[in-house]
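What follows draws every value from the coordinates through simple rules; no lab data is involved. Fair warning: this is a prediction, and the values are worked out from it, not measured in the lab. A quick note on method: Cβ atoms are made from the backbone with ideal geometry, for glycine too, and the neighbour counts reach across all protein chains shown.
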Amino acid sequence: MSWVGSRAIAVGLAAVAFTAVGCGSKGSEGAGANSESVCASDVVYEGRTYIRLSNVEFKAGRKLGTATSPPCRDTNDEGAEVPETSENAYAVSGISPDLAIAIGSSPEQAEAFRVLRSDKKIPPEVQELIDGS
C-alpha cells in the first residue's frame, strides 16, 4: 500500500474514533460544563418534546403535571440504558406551556425547557426569554 493510501486510512480511522467518542456526551455549553448524556436533554409533556434551555432567567409558576424523559441508550453498552424518568412540570411565567415549561422537583429548582418544533424555529416568546437573560 502506498504512503498516501496508508495516510488516508489513518485519517479516516481517526475521524471515526473522534465521532464515536463525541456521541456519548453533549457538547460543552460553557467553560467548565460537565459532560451529560445526549438524551438527558429532552422531556415529553402532553405529547410534545421539549429541550433544555441553558442560562435562562425565568420564573416557574403553577404545577402543570408530570413530564417524562424517555428511556435512553447513547452508548453501545446494552446494559447502560437509562430508564424512563418523571419529574414535575411547571408553567413558565408569561409563556404558554405549549412553548416552554420548567422541569424539576420544585419551582425553585426547576430548569427551563422549550418546545422542539418540526421546523426547528424558536418561538418568538421563547426567543425573548433567551435574549432577556
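Taking the beta-carbon count within 10 Å as an exposure proxy, list I103, I130 from fewest neighbours to most.
Lowest count first: I130, I103.
Could you give me the ³J(HN,Hα) list for region 97-102, computed from phi with Karplus coefficients 6.51, -1.76, 1.60 and θ = phi - 60°, whole Hz, x at Gly and Pro?
x, 5, 10, 8, 9, 10
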